[in-house]
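Have a look at the structure below before the remarks.
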Amino acid sequence: MPKITETALREAALAHLARFATTEAGLRRVLGNRIRRWAREAAAEGQEPEAIAATAAAAKAQAAAIAARLVQAGAVDDALFAQARARRLQGSGRSARATLAHLAAKGVAAKTARAALAQEDMPGEFAAALILCRKRRFGPFAAEAPEPETRRKWLASLARAGFSGEVARRALALSRPEAERMLDAAR
């Protein structure tokens with residue numbers, strides 16, 4: 001089994017960055033997973049638990065230092081990650097609330113996530129609700145006029161997706177041509 005070294009961790013970090021956009025916290029998590037995997041393998045081989053724990057602790061400190069150096073070098077940028085991910089999520093019909101929760105799960109600071117959502121080129125909450133309506137073919141994009149029960153289900157679906165009642169009602173009240181015009185303007 002290969003030994004867990006700073007060089008191996010740095011190479012793992014660079015290999016991950018070559019394939020995926022990530023945050024500093026996400027990179028630390030990936031490296032931490034690698035260290036835990038190594039520790040399990042070392043334990044299975046019968047190495048001393050104290051030696052494994054000491055090596056794993058040193059490797060975790062090295063992983064944090066590697067992540068910090070990659071942030072300083074500009075290879076990892078939480079703000080750029082947040083902007084790109086927020087744009088993609090809202091462009092696919094995610095509410096601001098759901099987008100903030102997603103970014104928080106990825107390790108983006110709340111202040112950075114809110115700043116990403118405040119960018120001028122973001123679709124906005126109302127446009128995101130219309131995008132979701134179009135994806136699910138309800139509201140203005142439904143084939144026929146809804147029954148009252150169906151309309152309540154649509155409102156509930158938008159609420160579960162994180163949209164406010166006001167935004168949901170406005171989105172469902174539009175006609176199809178108005179909704180399409182607003183989506184074209186939001187692009």
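The values are calculated or read from the model by the stated rules, or taken from the named source; none is laboratory data. These numbers were taken from a predicted model, which means no experiment stands behind them. As a convention, Cβ positions derive from the backbone with ideal geometry for all residues, glycine included, and neighbour counts pool all protein chains shown.
Of the residues making up segment 3-32, those that are free of Cβ contacts under 8 Å to residues at least 24 places away in the same chain, part of a helix (DSSP H, G or I) and within 19 Å of the chain's Cα centre (by Cα) are His16, Ala18, Arg19, Val30.
Can we say Ile66 is in a loop (DSSP other than H, G, I, E, B) and surrounded by 15 or more Cβ atoms within 10 Å (Cβ to Cβ)? Spelling it out, it is not the case that Ile66 is in a loop (DSSP other than H, G, I, E, B) and surrounded by 15 or more Cβ atoms within 10 Å (Cβ to Cβ).
Every residue, every condition in (1) free of Cβ contacts under 8 Å to residues at least 40 places away in the same chain; (2) of a type in the set (Val, Ile, Thr); (3) surrounded by fewer than 20 Cβ atoms within 10 Å (Cβ to Cβ); (4) farther than 22 Å from Ala186 by Cα, yes or no:
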| position | (1), (2), (3), (4) |
| --- | --- |
| Ala84 | no, no, yes, no |
| Arg97 | no, no, yes, no |
| Ala113 | yes, no, no, no |
| Ala128 | yes, no, no, no |
| Cys133 | no, no, no, no |
| Gly139 | no, no, no, no |
| Ala142 | yes, no, yes, no |
| Ala156 | yes, no, yes, yes |
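Taking (1) touching a Ser or Thr at 6+ places or on another chain (Cβ under 8 Å); (2) of a type outside the set (Gly, Ala, Ser); (3) under 21 Å from Ala21 (Cβ atoms) in turn, Phe138 satisfies each apart from (3).
Okay, residues lined up against (1) more than 27 Å from Ala104 (Cβ to Cβ); (2) touching a helix residue (DSSP H, G or I) at 6+ places or on another chain (Cβ under 7 Å); (3) of a type in the set (A, V, I, L, M, F, W, C):
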| site | (1), (2), (3) |
| --- | --- |
| Glu11 | yes, no, no |
| Ala15 | no, no, yes |
| Ala51 | yes, no, yes |
| Ala75 | no, yes, yes |
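Taking Ala116, is it of a type in the set (Gly, Ala, Ser) and at pLDDT 95 or above? Judged against the criteria, Ala116 is not a match. Only helices (runs of 4 or more DSSP H) whose full extent lies in segment 78-187 are considered here, and the ones with at least 3 residues that are charged (D, E, K, R) are 78-91, 125-136, 148-160, 165-173, 176-186.
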